[in-house]
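Inspection log for the structure reproduced underneath, given as structure tokens.
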Amino acid sequence: MKELPYKFISVVTVFVVVVFIINNINHNFAMNDFKVYYYGAHALLHKQPLYDVLFTLGSGYYKYSPFTALPFCILTVFTYYTACVIHFFIIGICIALTGLLIFRLLNTYVFHETIKSPNAILLLSALCIVKHLVRELTVGNVNVIMLLLVSLCPYFMLKQRNGMAALVLALAIITKPFFILLFIPLLIYKNYRVITQTVLMLLVLIFIPSIVVGFSHNILLHKEWLNSVFVHAAGFVSPDMLNSIIQNWIYEDMPRSAQYAILLIFIGVFYFFWSDEYKSLQGDKKANDTAFILQWFIMVAAMPSLLATDTEHFLMTWPLIMFLLIYLFKNGGKVFTTLFVLSIVMYGGNLSDLIGKKLSSAISDTGVLGLSNLIIIAMVFYICFKQWVNRKAVKNEI
């Protein structure tokens, strides 16, 4: 990518400004998820109760680590509305940066060539996830920021900047602990240094709030945090999890505890497939980089399908959607293109303003979003598997 895709940046800028104006006109600029971070930071600064306090309607409890509240402490010097405006446009900037970074990773380390029409690829991929981007901007969560962090991690690793890779991964894990699953690709590629540095940085991040609240109170806060995480996980049921999809579509009596078995099976298949792939690619740096980036983003995209999370987390599939778009631009194929279009309609087509709230709610309850995510992951995995089979065949001929 020799030049910045200014059309993409311009469209994202206009999109963010339009969403901001519309939400303000419609008096829908509440940003309820951000409200939890904002008032949670206020509570931390004033040593008030942080957990088991309803900061806003719905699931408005603070469920994050004490450290996660610290960056938001800076925003508490502003009024809530001003802080909302600042956070809103930070998300907007991160949308553009994340798209550009993902494209660069795919361009440099997966396709290993200058991809034609970068603006078209970026804009189409953003259009595919526009529903989720609007929701992210409306509720003011940090999922785009998390996607930026976990995309920076492999970028820094491939640039031989392991310390920075460990830092951004630690920041992601301390905010959303399920990102610890990204240790699995690191284990496959035997990058023990990044794992070790990430663990050490996590320990530092855990103790940093002691500067604000004191050591003993920090320990108490972390106990309360762990308890809130387990309570939330036990009480929250996502229709988009693989476990729920099987229950809704195949086997109604599927116990909820089966999600742990499904998680272990996925990890096992993922580990053994990619471990064999890693062994077969020894000495081929380009192919190794390609495999690493794809397995990294497959794991990122799979998390909301394996764990009980909110629908905003399906933003994490953006890298795979962009990969498939580039692949289709290069290779075509009617069946593959049709399957991709169908999956995107399922992924982002549940718009209540168009189909009505009743039908939209029914679609949500049946886990169509989660099913589309599984199809997208399966398509990428199929491409990887096909390449793996081809390499095996060539090796056997030799």
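The values are calculated or read from the model by the stated rules, or taken from the named source; none is laboratory data. Please read all numbers here as calculations on a predicted model, not as lab measurements. Cβ coordinates were reconstructed from backbone atoms using ideal geometry, including for glycine residues, and neighbour counts include every protein chain displayed.
Quick notes
- Among (1) farther than 25 Å from THR98 by Cβ; (2) at pLDDT below 90; (3) among the β-branched types (Val, Ile, Thr), the one test that THR290 misses: (1)
- Some residue of the range 333-354 being acidic (Asp, Glu) and within 18 Å of the chain's Cα centre (by Cα): no
- Picking from residues in the range 355-370 that are touching a residue at least 12 places away in the same chain (Cβ under 8 Å) and surrounded by fewer than 19 Cβ atoms within 10 Å (Cβ to Cβ), the one that is nearest to the chain's Cα centre (by Cα) is SER364.
- Whichever residue in the range 8-50 is in contact with a helix residue (DSSP H, G or I) (Cβ under 9 Å, 6 or more places away or on another chain) and outside any helix (DSSP H, G or I) and, among such residues, is nearest to VAL142 (Cα to Cα): MET31
- Odd one out for GLY214, checked against (1) at negative phi; (2) free of Cβ contacts under 8 Å to residues at least 40 places away in the same chain: (1)
- Filtered by the rule that a residue be within 20 Å of LYS286 (Cβ to Cβ) and either in contact with a Pro (Cβ under 9 Å, 6 or more places away or on another chain) or outside any helix (DSSP H, G or I) (or both), the range 75-115 gives ILE102, PHE103, LEU105, LEU106, ASN107, TYR109, PHE111, HIS112, GLU113, THR114, ILE115.
Rundown of residues vs (1) at pLDDT 90 or above; (2) under 27 Å from ALA261 (Cβ atoms); (3) among the acidic types (Asp, Glu), yes/no style:
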position	(1), (2), (3)
MET299	yes, yes, no
MET303	yes, yes, no
GLU312	no, yes, yes
ASN331	no, no, no
VAL335	no, no, no
SER343	yes, yes, no
LEU351	no, no, no
LYS358	no, no, no
THR366	no, yes, no
